[in-house]
Amino acid sequence: MEIPLYRPINSECAESLISYFGWMNDGDSAAVRLYCPGGEVEAAWGIAAKMQEMRARGCKFSAKVDGMAASMAGVLLAYFDDTEAKSVSSEYERA
């Protein structure tokens, strides 16, 4: 299953993503494609909690960054089993 996350993380986004994960069977895999400027901390923690719950059932999660995974989206990457940044992805440097 491939799931796009091409918007800021908020409660609506988290509810949608958690719903997708809820349809997974034990041992399934999901790939999330990100182009995300970040978002609400609490909403992202809800996504991470659902991923951990599903991981306990043998599910695997991969992330593919198609442009950016900034702010809280970047933090959320730590909860994926595998991550990949496409060549079109950008990096932000500290000023």
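For segment 72-95, give me each residue that is over 16 Å from Arg33 (Cβ atoms) and modelled with pLDDT of 65 or more.
Met72, Val75, Ala78
Counting residues that are open to solvent by less than 60 Å² (accessible area, probe 1.4 Å) and touching a Leu at 6+ places or on another chain (Cβ under 7 Å), which helices (runs of 4 or more DSSP H) fully inside the chain reach at least 3?
Passing ranges, in order: 41-55.
Kindly establish whether Leu5 is among the hydrophobic types (A, V, I, L, M, F, W, C) and in contact with a Cys (Cβ under 8 Å, 6 or more places away or on another chain).
Criteria met by Leu5.
Please count how many residues of segment 1-26 are touching a strand residue (DSSP E or B) at 6+ places or on another chain (Cβ under 8 Å) and farther than 14 Å from Ala73 by Cα.
Adding up the residues that qualify gives 6.
The values are calculated or read from the model by the stated rules, or taken from the named source; none is laboratory data. Just so you know, these numbers come straight off a predicted model, no measurement behind them. For neighbour counting, all protein chains shown are included, and Cβ atoms are generated from backbone atoms with ideal geometry for every residue, glycine included. Please note that ligands, DNA and RNA were not included when accessible areas were found on the heavy atoms of the full protein model with its side chains. Shrake-Rupley method; radii C 1.70, N 1.55, O 1.52, S 1.80 Å.
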